[in-house]
Structure formats: structure tokens, C-alpha cells
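K.L.:
Before I ask anything, here is the structure I am working with.
The values are calculated or read from the model by the stated rules, or taken from the named source; none is laboratory data. Keep in mind it's a predicted model, so treat the numbers as computed, not measured. Note that each Cβ is placed from the backbone with ideal geometry, even for glycine, and that neighbours are counted across all protein chains shown. The protein model used for the area step is the full one, side chains on, heavy atoms only, and it has no ligands, DNA or RNA in it. Shrake-Rupley method; radii C 1.70, N 1.55, O 1.52, S 1.80 Å.
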Amino acid sequence: MSITYARLEWDDQGRPLSSTYNDVYFSSLSGLEETHYVFLQHNRLAERFARLQDGDCMVIGETGFGTGLNFLCTWQLFRQQAVHDARLHFISVEKFPLQPADLSRALALWPELDEPAQQLASVYRHLLDGVQSICLDNNRVQLSLLIGDAREQLARLDTRTRVNAWFLDGFAPAKNPDMWTDQLFTQLARLSAPDATLATFTSAGFVRRGLQNAGFTMQRNKGFGHKREMLSGWLK
Ligand SMILES: C[S@@+](CC[C@H](N)C(=O)[O-])C[C@H]1O[C@@H](n2cnc3c(N)ncnc32)[C@H](O)[C@@H]1O
């Protein structure tokens, strides 16, 4: 499989920007806080991780792995909240992966994530070389990275995959309309567990309506930082 890597520029604060989409990988205020606010809080992950019993597995699905920041923050929260014998399976789709050196450079912005970031860096090359799924943290955490277009890759998963919480990342709908399609929303509903929730930084009306048509109840919330609104939802 040939990979098309992300084309990046770096701003004066050392943050990556996509030259392809002309958009940022994370908020200029704080990528870390944005992840916690938008994706972790609005999927109520702290309380859901804390409720897991030994042997339970929580499955998260993400569109757009990018730098892996969302994954690392989720993993860190899981470590803090979940009992030892619970498991986390993080499934992410990425059309234009970062080169390994770029991933490490971006994640160096977060010294507090250094230890899990090093673990990720040590396996990331294998994920690009065709190994689809890798275990971390003494097998408590499984990371599946599907390389390719989100809709196409999710369509290939069978319905034994039951996602409990979705992170709809991916660049702004206005800059990346090809990703935010009804076909994608149909895949999200198809692969959702009955308790599935979702969160996204965008408040675009066509995204909200598309997710409603696919079977999600949607609500508007206050956005992160200077953004007025964001969306969260759950399967009806
Ligand atoms: C804002 S960045 C994601 C940031 C990321 N979640 C993180 O933690 O760093 C958006 C990502 O979506 C990816 N992307 C854009 N369109 C896509 C598509 N159709 N399918 C899969 N990934 C896509 C981009 O390549 C980029 O890595």
C-alpha cells in the first residue's frame, strides 16, 4: 500500500499546519485543553471509564488520527479512571498520516504526554508499514490505525465493531467537505454500540442535520475558546 503523507508547515510556536487543507491540527489556544473539552468531556469519558468493570472494553472511533494527540489524551484519562483489567480499543482512520519524525516533533509540544508519546512513537512506523492494530500499556490499550479515507475504511469494518464514543475530527467541513458526508454518517451509525455518543468541534448545520438523519440525537454546546458552538450527540 502506498501512503500519501501529510504536507505540513510549522508556525512560529512549533505547531503543525496542513498545507493540503490550509487548516490547523489543533487550536492555537491549547490543543490539549481543546481535546479534553470537545472530545473527552462531551463524550463523558471520565465517568464512563470509571464505571468500567474488570474485563470490559471501551471502544473509541476517530476520524483523523493526525498527530495522535486525541489518542494520547484518551489513553491518559483511561489510565487515571479505569480499573486495571478494563481495556481501551482506539480505532482511528487517517487519510494522510504524518511522517514519524513529524509526529514526534508535534507531540514534543506536550511534555506531560512524553511517556505515552514515546510508546506511540516506538510503534507508529509499524502501523504505517501495514500492521493495522497494536497493543500498548501491557495490553490494556489497543490502537487500530486504518490508513485511507474515513468513509471507505469504516465501510470495511464488520458490525462486530461496536463503537461506544466517536471523535469526529478531520479538518473544518468548509475546508474538507469530502469527509463530512452522509455516507460517513451512515457508517458511524452502523458501527455504533447502543450507548454510542459522539462529539465534534464543528457546529456546521449540514453536519448536524446529516447526523440526525443517520440516527443520532444532536445538541449544540458552547464551543472551545473563541468558537461559538460545537456539537455532541448520542444514538437515538
Ligand atoms: C485536525 S486533524 C486531526 C487532529 C488529530 N485528531 C490529533 O489528535 O492530532 C484532521 C485529520 O483528519 C485527516 N483527514 C482529513 N480528511 C480525511 C478523510 N477523508 N479520511 C480520513 N482522515 C482524514 C487529516 O489528514 C488530518 O490528519
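K.L.:
Here are the criteria: (1) open to solvent by 10 Å² or more (accessible area, probe 1.4 Å); (2) in contact with a strand residue (DSSP E or B) (Cβ under 6 Å, 6 or more places away or on another chain). Tell me which single one residue 62 does not satisfy.
P.N.:
(1)
K.L.:
Can you run down the residue pairs with Cβ atoms below 7 Å, 6 or more apart or on separate chains, where the first is in the stretch 83-95 and in contact (Cβ under 8 Å) with a residue 60 or more places away in the chain and the partner is among the basic types (Lys, Arg)?
P.N.:
From the stretch 83-95, no pairs qualify.
K.L.:
Sticking with this structure for a sec: For the stretch 84-96, which residues satisfy the criterion of being open to solvent by 10 Å² or more (accessible area, probe 1.4 Å) and within 11 Å of the ligand (Cβ to nearest atom)?
P.N.:
94, 95, 96
K.L.:
Same structure, new question: From 99, 76, 81, grab the single residue that is open to solvent by less than 60 Å² (accessible area, probe 1.4 Å) and on the phi < 0 side of the Ramachandran plot.
P.N.:
76
K.L.:
Within the stretch 12-29, track down each residue that is within 13 Å of the ligand (Cβ to nearest atom) and not aliphatic (A, V, I, L, M).
P.N.:
15, 16, 18, 19, 20, 21, 22, 23, 25, 26, 27, 28
K.L.:
Residue 53: modelled with pLDDT of 95 or more, surrounded by fewer than 17 Cβ atoms within 10 Å (Cβ to Cβ) and touching a helix residue (DSSP H, G or I) at 6+ places or on another chain (Cβ under 9 Å), yes or no?
P.N.:
no
K.L.:
Being within 22 Å of residue 44 (Cβ to Cβ) and either within 15 Å of the ligand (Cβ to nearest atom) or surrounded by fewer than 19 Cβ atoms within 10 Å (Cβ to Cβ) (or both) is the filter here; which residues of the stretch 144-169 pass it?
P.N.:
Passing the criteria: 161, 162, 165, 166, 167, 168, 169.
K.L.:
What helices (runs of 4 or more DSSP H) completely inside the stretch 112-218 contain at least 3 residues that are more than 29 Å from residue 79 (Cβ to Cβ) and either at pLDDT 95 or above or touching a Leu at 6+ places or on another chain (Cβ under 7 Å) (or both)?
P.N.:
150-155, 182-190, 205-214
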